[in-house]
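The next block holds one structure in the form of structure tokens; read it before the comments.
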Amino acid sequence: MKCEFIIENIGQLVTCASPGGPKRRSAMQDVGVIEGGAVAIGEGKLLGVGRAQDIAAGFTAAETIDAVGRVVVPGFVDPHTHIVFAGDRLDEFELKIKGANYLDILASGGGIISTVKKTRDASKAELVAQATERLDKMLECGTTTCEIKTGYGLNTETELKMLDVIRQLGESHVMDVVPTFLAAHAVPPEYRANPEAYVVLICEEMLPLAYNCLFGAQDGQPRVTAFADVFCENNAFDLEQSRRVLEAAKRLGFALKAHVDEFTNLGGSRMAIGLGAASIDHLDAISDEEIELLSRSDTVGIVTPTVNFNFGSREFANVRKLIDAGCAIALSTDYNPGSAPCPSQPMAMAIACRYQKLLPSEALNAVTINAAHSIGLGATNGSLEAGKLADLVIADVKDYRSLAYEFGSVQIESVMKRGNWVEV
Ligand code: NIG
Ligand code: FE
């Protein structure tokens, strides 16, 4: 069979292949290493993935690329980011170093709200330009697919502006971008005295307009998956408010995500799993009963160890317990200006291995195939299997475990997205 090119002489070809759904339990420790592998690529897709001799026997290529014994892994998938925002939170960084706490900063009108003010004032073009720089940084760190949330607008106009920025990024950037509507990220200052009215606004005005903005021109036939999300937490949205937002979103046709148990267990995990959420995210304060529910569901648990690291915390979500209980777990950077100014999935892996006791194999599956499933792209992204997208990373290492072992350096040699090398 003819193909456009073959990448050969791959020291370790790490496929993260998983037939069916996301990996769980002992499958998390299997990254599908093919020693001395090769891949055949054509029309942006993987046509063959296997041992060098089998690929050489099965394909004739116009071009052959020598990986000189390096490691090839799937392009990373980052399933939880907030990269559309204006400004920075450098002052808050210093306040936190001096002892201030995240929820107190939020309650006093700082934190998310300070980013909201700057994001409302920014033009679409400014937001696209700044988010493009962040996507480029993520690409340099090996991420080829990501989810991006709204949530720094908190009024109809700016939330829709952010959604349009995310749409534009999906069109202009090589990265595959999945949008999530997060108007329920915080209660905006205008509604502080009446948060209920903001919940009504989200359910009755913002979510329908957002859905229409994403799918209106397509007669209700969604072309891409789009998610709605809520921050279920003290000083944000309580359990019943969160439920109402997610139920309204589900009725419209959104798939669901929820920020739950980041600081406080309000019962959000149980509620979101019950609504069939695609993911529940953070999980620091999840209860044993909810871990059991998660393990028996199709919901993926997304953990964000960069947040705890950024807070200088010694406490992390108990991912060891979650994996051992049979939950499907993905890792994300949560890239945002406040709780995680980090574009790097290898950094998330490095932290997860040290503080959450994941093996490098588990961390790699968590940033690839399981992350892809958590944003509805498990069939096309997140693993190196024939028929899937040719999204891959050549790492300048001899053993894939080095990706989590060494930290603070750039081990990414080259990145391919849909069969094209991208400049990193
Ligand atoms: O996932 N928890 C809520 N949202 C983000 C933080 C966003 C911000 O602080 O700007 C998070 O940690
Ligand atoms: Fe978040």
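The values are calculated or read from the model by the stated rules, or taken from the named source; none is laboratory data. Please read these numbers as outputs of a predicted model, since none were measured by experiment. Every residue, glycine as well, gets a Cβ built from its backbone with ideal geometry; the counts of neighbours run over all protein chains shown. We work out accessible area using only protein heavy atoms, side chains counted, and drop any ligands, DNA or RNA first. Shrake-Rupley method; radii C 1.70, N 1.55, O 1.52, S 1.80 Å.
Quote the Stokes-Einstein diffusion coefficient, in whole µm² s⁻¹, for the chain, based on the Kirkwood radius over alpha carbon pairs, a temperature of 4 °C and a viscosity of 1.567 mPa s. Don't skip to the end; give the middle numbers.
On the way: Rh = 21.5 Å.
My calculation gives 60 µm²/s for D.
Contact order normalised by length for the chain, with contacts defined as Cα pairs under 8 Å and 6 or more residues apart; what percent is it?
Details: 998 pairs, mean separation 91.2, N = 424.
In percent, rounded to a whole number, it is 21.
For the chain, set up a GNM with springs between Cα atoms under 10 Å and report which of 268, 11, 20 has the largest fluctuation.
20
Search the structure for amide H atoms under 5 Å from the amide H of residue 147, placed 1.01 Å from N in the peptide plane, and list their residues when 5 or more places away or on another chain.
Sorted by chain and number, the residues that satisfy this are 78, 80, 81, 178.
Just add up the charged neighbours of residue 44: K/R +1, D/E -1, any other residue whose Cβ is under 12 Å from the Cβ of residue 44. Spell out each step's value before the answer.
Numbers: positive: 45, 388, 417, 418; negative: 4, 43, 176, 391.
Here the count lands on 0.
With a 10 Å cut-off between alpha carbons and a GNM built on the chain, which of 183, 258, 285 moves the most?
285
Over the range 15-161, what is the relative contact order in whole percent, taking alpha-carbon pairs under 8 Å and six or more residues apart? List each step's numbers first, then the result.
Details: 139 pairs, mean separation 35.7, N = 147.
Computed over the range 15-161, the figure is 24 percent.
Can you pull the percent of the chain's accessible area that's carbon plus sulfur, 1.4 Å probe, other chains left in place?
Numbers: 8190 of 16460 Å².
Percent of accessible area from carbon and sulfur atoms in the chain: 50.
Given the options 133, 159, 233, which has the most mean-square fluctuation in a GNM of the chain, springs set between C-alpha atoms less than 10 angstrom apart?
Highest fluctuation of the listed residues: 133.
Determine the per residue accessible area of the chain with all protein chains present and a 1.4 angstrom probe, expressed in square angstrom. Please report the intermediate quantities before stating the final value.
On the way: 16460 Å² over 424 residues.
Heavy-atom accessible area per residue stands at 39 Å².
What's the center-to-center distance, using Cα atoms, between the range 170-200 and the range 375-424 in Å?
Centre-to-centre distance over Cα atoms comes out at 30 Å.
Let me spell out the model: positive unit charges on the Cβ of Lys and Arg, negative unit charges on the Cβ of Asp and Glu, origin at the Cα centre of the chain. What dipole size does that give, in debye rounded to 20? The partial results should precede the final answer.
Values: 38 positive and 55 negative charges, 80 e Å.
Magnitude of the dipole: close to 380 debye.
Roughly what angle does helix 345-355 make with the longest principal axis of the chain, taking Cα atoms, 0 to 90 degrees, to the nearest 10?
80
Going down the list 96/161; 2/388; 45/417; 23/321; 118/149; 137/161, which pairs span over 20 Å between their C-alpha atoms? Please list the in-between numbers first.
Numbers: 96/161 30 Å; 2/388 17 Å; 45/417 9 Å; 23/321 15 Å; 118/149 16 Å; 137/161 23 Å.
Long pairs (Cα-Cα over 20 Å): 96/161; 137/161.
Only Lys, Arg, Asp and Glu count, each charged at its Cβ (+1, +1, -1, -1), so figure out the dipole size of the range 14-164 about its Cα centre, rounded to 20 debye. Kindly include the intermediate steps, with their values, before the conclusion.
Numbers: 17 positive and 21 negative charges, 89 e Å.
The calculation lands at about 420 debye.
Dipole magnitude of the range 131-270 about its Cα centre, charges +1 at Lys/Arg Cβ and -1 at Asp/Glu Cβ only, in debye to the nearest 20?
On the way: 13 positive and 21 negative charges, 51 e Å.
Value, rounded to 20: 240 debye.
Just to check I understand the Karplus step: with θ = phi - 60° and J = 6.51 cos²θ - 1.76 cosθ + 1.60, what whole-Hz values come out for the range 52-61, glycine and proline as x?
Running phi through 6.51 cos²θ - 1.76 cosθ + 1.60 with θ = phi - 60° gives 3, 5, 6, 5, 4, 6, x, 9, 10, 10 Hz.
Any chance you could check the Cα centroid distance between the range 259-325 and the range 97-124 for me, in angstrom?
Going from one Cα centre to the other spans 24 Å.
Quickly estimate the mean residue ellipticity at 222 nm for the chain, helices only: each DSSP H run with n ≥ 4 gives -39500 (n - 2.57), and the total goes over all residues, rounded to 500. Kindly include the intermediate steps, with their values, before the conclusion.
Values: 17 runs with 150 residues, N = 424.
After summing the helix terms and dividing by the residues of the chain, the value is -10000 deg cm²/dmol.
Just name one of 194, 67, 100: the one whose Cα is farthest towards the positive end of the charge dipole of the range 57-205 (beta-carbon charges, Lys/Arg +1, Asp/Glu -1).
About the Cα centre, the residue reaching furthest to the positive side is 100.
Taking the highest mean first, how do the peptides 191-201, 362-372, 295-305 order by number of other beta carbon atoms within 10 angstrom per residue?
Details: 191-201: 14.9, 362-372: 31.2, 295-305: 23.8.
Those peptides, ordered most packed to least, come out 362-372, 295-305, 191-201.
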